1. Hey, what D do you get for region 228-375 in µm²/s if you plug the Kirkwood alpha-carbon radius into Stokes-Einstein at 37 °C and 0.692 mPa s?
2. Going Cα to Cα from Lys284, which lysines come in below 23 Å? Please leave out same-chain ones fewer than 8 positions away.
3. Search the structure for amide H atoms under 5 Å from the amide H of Gly450, placed 1.01 Å from N in the peptide plane, and list their residues when 5 or more places away or on another chain.
4. Among the lysines, which have Cα under 21 Å from the Cα of Lys226 when same-chain residues fewer than 8 positions away are ignored?
5. Express in % the proportion of alpha carbon pairs of region 48-126 at distances exceeding 16 Å.
6. Quick one: if you stick a label point 7 Å off each Cα along the C-beta vector at Asp505 and Glu116, how many nm between them?
7. What nm distance separates the two modelled labels at Thr253 and Leu225, each placed 7 Å from Cα along Cα→Cβ?
8. Using the Cα atoms as the points, what is the convex hull volume per residue of region 84-138 in Å³?
Amino acid sequence: MSSIPPSNAAENRLHHCIRDLAALNALPSMCIGRSPAEALEIVLDALPTALGAELIFLALPGSPREERGVLRGRPLSTEDLVALNAALAAARGEPTLAVAGGTLHYFDAEVPVGKERGLLVAARGTPLDPDTDRVLVRNAANLVGSTLETAIVLEAAHRKDDFLAVLGHELRNPLAPILTAVELLARHPEAERERQVIERNTRHLARLVDDLLDISRVTRGQMDLKKESVSLASVLERAADLVMPAVTRFGHTLEVGSAEDSWLEGDPVRLVQIFGNLLNNSAKFTAAGGRIQVLVELAPERVAVTVKDNGRGIARPAIGRIFEPFVQVEGEDRRRGGLGLGLAIVRDLVARHGGNISVTSDGPGHGSAFRVELPRALRAEPQPSSALPQSTSTRNAVRVLVVDDNTDIAELLSEALEDAGFRTAVAFDARAALEAWRSFGPHAAVLDVGLPGLDGYELARALRSEHGTTPTLIAATGYGGLQDRKRAADAGFDCHFVKPVSVRDLIVALDDRVVRGGRVEWPS
């Protein structure tokens, strides 16, 4: 049976809708670099034509709320705005408004500006099409919201303009060889060199992303530490291991002083990050064949660790700004890479450990020395060794459901857990997860928090309501602040992992909470 061709009128409406959507989508590019007020003027100038409207009214969130609009090309006065608000209230959802002595047909839509909501009203004398015009108005509202939000953010952070340009460059650098190596691997599956290129550049990209997340937590005061007794020697050893590939590549000599019998009370991961970052900077900004020293000075209550090199050095004017976020020494830093975040993060981490950091340099060409002072702690008592890692045979009764709307993540994580001996199933949204739960009967689940529709928090609450506290629920999220962890705990999660999730850490958690935790009925 042949389909009936659309009428000319419907076809014309569709063509006009496509054309007007294209015009609306050009709005953000027209407003880049503009202040919020300038962006709003552009929006009010463009929307009447793009929407084919005689009246455009915007009520924007804030304190106080801002209201602007145009009627037949004329800006609405204060009196006009008062009358229009009264007309909207009187309309009570009806399709027409009594405005300026006449009647206009209208559609309205919420304008999302961050977490707040405004209002867009578009009206004209002739009836609006419930399909095409409604789509146009809603699309316009979303674009207006995102355009104004972008303008507000950019106005509040002028110096991040350069940072965004650097970020784009830095992300392209490691991604280019990754893509090239992937193409080569398709031809030569056993090519080890290409695999190493992928791993090295992926770690580089991950480090840049970690820096961005860390500086965001620093500025919001959400950097949390997991403190324990840790030996300084182990911290310096792990930091040296992290920087050793760069030291070897540049032919540097690395000397690490003795830190035996020196203990700290701190987060071992963050302490390694402090000294790994300083060592990485020395390796990066020292000419090939340079010398890097880690000097340790012990005092009764404090320890001082100095990372010293004979590299490029720091000019005196830059020393006062070197620990500020997004600060880079002109020219050289940009060529060597980085986002200008590492030292700002280091300073914050040192302060959170009750210490301080300083830098000295005799100027360009004379090297630099970063000195970190931290309070010493009593030596930790030997802890009983944890249970031995589980073999794959002891995990084969454990069923784990992996839920993520990114199919690659879900399937790869499922495959990794199966390699470790677990039985797995995957789901890509909350509805599928609930169905899979009933048929698969998992002992544990790894839930992506950012699921479409019903998110991971709501899914966890639903699972707790239906299955109680017996199953182990593990949150996987890109947000790792204290508030995010609290929200996960309130939703019923047992564990909280920040993406990218470490498979090793996930297996340890499953072994501890499920395999050894007695939450599995083992076959006799």
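Bear in mind that the values in this text are calculations on the coordinates, not laboratory data. Keep in mind the model is a prediction, meaning the values are calculated, not measured. Ideal geometry is used to build each Cβ from the backbone, glycine not excepted, and the neighbour counts take in all protein chains shown.
1. It diffuses with D of about 214 µm²/s by this estimate.
2. Filter leaves Lys308.
3. Gly456
4. Within the straight-line cut-off, Lys226 pairs with Lys486, Lys499.
5. Values: 1492 of 3081 pairs.
The proportion of pairs with Cα distances above 16 Å equals 48 percent.
6. 3.6
7. A separation of 3.5 nm, rounded to one decimal place.
8. Here the figure is 84 Å³ per residue.
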